[in-house]
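**Q** If you scroll down you'll find the structure; I have some questions about it.
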Amino acid sequence: MINAKRLLIYLISIMTIILSVSSYLYFKEYKEEQRQFDLFLNHFYNSLDMSITRVDTLLEGKLEDEELNEAIGRLENDLLKTNTIVDNGYNFLSHNIYPTSFFREASNFLHGYNMSGDVSFYVPPLSEDGQLDEEELTLLKTLKGYMVDAKNALYSSKTNQENSNLTVSELKEIIITHINKDSIDIYEDAYQAD
C-alpha cells in the first residue's frame with residue numbers, strides 16, 4: 001500500500017513537472033509569435049506611412065524632369081518594400097495575413113501600364129513629359145486614398161502609430177477592406193470615377 005502511494009506521488013510529481021515545462025514552453029512560443037507580429041505590424045505601418053509621404057511629395061506638383069523621375073523611383077521603392085513586408089508576413093508569420101498585391105499593382109502605374117484582355121487600358125508613365133498633369137495627379141490621389149484609409153484603420157490615438165492590440169484577423173480585414181485592389185480597380189477608381 002505504501003509503495004502504491006509513493007508511486008502515485010511520484011507519477012503526479014512527474015506529470016506536474018511535465019505540465020509546467022510544457023506550459024512554460026507554450027507561453028514562451030506564444031510571446032515570441034506576438035513579438036514578431038508586433039514587429040511586422042510596426043514595419044508595415046511605417047512603410048505604408050512612408051509610401052504616403054512619397055505620394056505627398058509628388059502631389060505638391062513642384063517637381064519636374066529629373067527631380068520628378070527620382071521622386072517616382074523613391075515611391076516605387078517604398079511601394080515594393082511595403083509589398084515585400086506583406087508577402088513576408090504572409091509567408092513567414094501567418095497565412096492569415098492577407099497577401100494583397102496592391103503595392104506591386106500600384107507601382108506598375110508609375111512607369112506606364114498597358115493592360116489588354118477583357119479590360120484594356122493604357123496609362124503612360126508619370127514622368128513622360130517631365131511633369132504631372134491632372135490625370136496623373138488623380139491617379140496619385142487615388143493611390144494615396146487607399147493607403148490613408150488603411151493607415152487610419154491601423155492607427156491608435158494612444159500610441160500615435162499602429163494599434164498594437166490588433167489581431168491577425170483584424171489586420172486581414174483592414175487589408176481586404178482598404179488595399180485589396182488590382183490594376184483594374186485602381187484604373188477604374190482613378191480614371192472612370194463619376
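The values are calculated or read from the model by the stated rules, or taken from the named source; none is laboratory data. Since the structure is predicted, the reported quantities are computational estimates derived from the model, not experimental observations. Note that we place each Cβ from the backbone using ideal geometry, even for glycine, and neighbour counts take in every protein chain shown. Areas reflect the complete protein model, heavy atoms only, side chains present, ligands, DNA and RNA absent. Shrake-Rupley method; radii C 1.70, N 1.55, O 1.52, S 1.80 Å.
**Q** For the stretch 122-153, name all the residues that are on the phi < 0 side of the Ramachandran plot, open to solvent by less than 20 Å² (accessible area, probe 1.4 Å) and more than 27 Å from the chain's Cα centre (by Cα).
**A** Across the stretch 122-153, there are no qualifying residues.
**Q** Identify the single condition in (1) in a helix (DSSP H, G or I); (2) under 18 Å from Tyr187 (Cβ atoms) that Leu126 does not satisfy, given that it satisfies every other one.
**A** Looking at each condition in turn, Leu126 falls short on (1).
**Q** Inspect all residues belonging to the stretch 62-84 and state whether any of them is closer than 28 Å to Asn160 by Cα and out of contact with any helix residue (DSSP H, G or I) (no Cβ under 7 Å at 6 or more places or on another chain).
**A** Scanning the stretch 62-84, I find at least one residue that is closer than 28 Å to Asn160 by Cα and out of contact with any helix residue (DSSP H, G or I) (no Cβ under 7 Å at 6 or more places or on another chain), so the answer is yes.
**Q** On to the next question. Can you find a residue in the stretch 97-119 that is in contact with a Pro (Cβ under 7 Å, 6 or more places away or on another chain), part of a loop (DSSP other than H, G, I, E, B) and surrounded by fewer than 20 Cβ atoms within 10 Å (Cβ to Cβ)?
**A** yes
Each row is one residue, and each column tells you yes or no for (1) at pLDDT below 90; (2) in contact with a strand residue (DSSP E or B) (Cβ under 8 Å, 6 or more places away or on another chain); (3) over 22 Å from Asp49 (Cβ atoms).
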| residue | (1), (2), (3) |
| --- | --- |
| Ser127 | yes, no, yes |
| Leu137 | no, no, no |
| Leu154 | no, yes, no |
| Asn160 | yes, no, no |
| Asn165 | no, yes, no |
| Ile176 | no, no, no |
| Ile186 | no, no, no |
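**Q** Does any residue in the stretch 52-75 that is at negative phi come within less than 6 Å, Cβ to Cβ, of a residue that is open to solvent by 90 Å² or more (accessible area, probe 1.4 Å) six or more places away or on a different chain, and which pairs are these?
**A** Going by the 6 Å Cβ cut-off, the qualifying pairs are Arg54/Arg74.
**Q** Output the qualifying pairs, or none if there are none: Cβ atoms under 8 angstrom, residues six or more apart or on different chains, first residue in the stretch 158-173 and farther than 17 Å from Val148 by Cα, second residue surrounded by fewer than 12 Cβ atoms within 10 Å (Cβ to Cβ).
**A** none
**Q** Mind telling me which of the residues Lys181, Lys144 ends up being within 22 Å of Ser107 (Cα to Cα), among the basic types (Lys, Arg) and part of a helix (DSSP H, G or I)?
**A** Lys144
**Q** Restricting to the stretch 179-194, give me the number of residues that are open to solvent by less than 20 Å² (accessible area, probe 1.4 Å) and of a type in the set (Ser, Thr, Tyr).
**A** To start, the set of residues in the stretch 179-194 that are open to solvent by less than 20 Å² (accessible area, probe 1.4 Å) comprises 179, 183, 186, 190.
The next check asks that each one be of a type in the set (Ser, Thr, Tyr); those that pass are 183.
Number satisfying all stated conditions: 1.
**Q** Within the stretch 40-49, is there a residue that is modelled with pLDDT of 95 or more and open to solvent by 60 Å² or more (accessible area, probe 1.4 Å)?
**A** yes
**Q** Something else about it: Given the criteria within 21 Å of His43 (Cα to Cα) and more than 17 Å from the chain's Cα centre (by Cα), does Arg74 qualify?
**A** It is true that Arg74 is within 21 Å of His43 (Cα to Cα) and more than 17 Å from the chain's Cα centre (by Cα).
**Q** A follow-up question, please. With Tyr45, Tyr26, Tyr30 as the choices, which residue is touching an Asp or Glu at 6+ places or on another chain (Cβ under 6 Å) and closer than 20 Å to Leu93 by Cβ?
**A** After applying the criteria, what remains is Tyr45.
**Q** Here's a follow-up. Which members of the stretch 36-76 meet the condition of being among the hydroxyl-bearing types (Ser, Thr, Tyr) and closer than 20 Å to Ser101 by Cβ?
**A** Hits for the stretch 36-76 are Tyr45, Ser47, Ser51.
**Q** Considering only residues that are open to solvent by 40 Å² or more (accessible area, probe 1.4 Å), hydroxyl-bearing (Ser, Thr, Tyr) and part of a strand (DSSP E or B), which ones fall in the stretch 154-178?
**A** The answer is Tyr155, and nothing else.
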